[in-house]
1. Scan the stretch 70-103 for residues that are of a type in the set (Asp, Glu) and at pLDDT below 95 and jot them down.
2. Is there any pair with a first residue in the stretch 43-68 that is assigned to a loop (DSSP other than H, G, I, E, B) and a second that is of a type in the set (Val, Ile, Thr) whose Cβ atoms are under 6 Å apart and which are 6 or more apart or on different chains, and what are they?
3. Taking the stretch 70-129 on its own, how many of its residues are within 17 Å of residue 50 (Cα to Cα), charged (D, E, K, R) and over 19 Å from the mean Cα position of the chain (by Cα)?
4. Counting only residues that are closer than 21 Å to residue 124 by Cβ and of a type in the set (A, V, I, L, M, F, W, C), how many does the stretch 53-90 have?
Amino acid sequence: MTKRPRHQLHRAEAAIRHRRPGPRTGTQRETAAGLSAVGEARAVERWTPASIPGQSGRLAIVTGANSGIGYMTARELARRGAHVVLACRSPERGQTALDRLRTEAPSARAELGRLDIGDLGSVRDFAGR
């Protein structure tokens, strides 16, 4: 493998940081996967829920918290100490999610709020409480 002049490496590294192809850096998929300008694999730090810092003293309003990514977000924030409001359209599904959250994170400070973000009246009522 031939060594590149220093100025070419800087340009290539900048292209990787901005996720677009630079001189001889390959495709966007390669740069997004963490390959360096010379094709060497880089150690990419992976994010996990354990990466979330302490959230004590913070209030988190999570929309769509009755299922999926909204529920997972609410649960992990609650586990880290945030006071979480599960903002859900359906009170029944929201209550089921709240019960599940309290089972999975017993020390969680969480409550349920009815919110339909497609209805401005519901948004106004939620904000006014």
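The values are calculated or read from the model by the stated rules, or taken from the named source; none is laboratory data. None of the values given here were measured: they were computed from a predicted structure. Glycine also receives a Cβ, built like all others from the backbone with ideal geometry; neighbour counts cover every protein chain displayed.
1. If the condition is that a residue be of a type in the set (Asp, Glu) and at pLDDT below 95, then 76 is the only one that fits.
2. Correct list of pairs: empty, since none qualify.
3. The qualifying residues number 1.
4. 9
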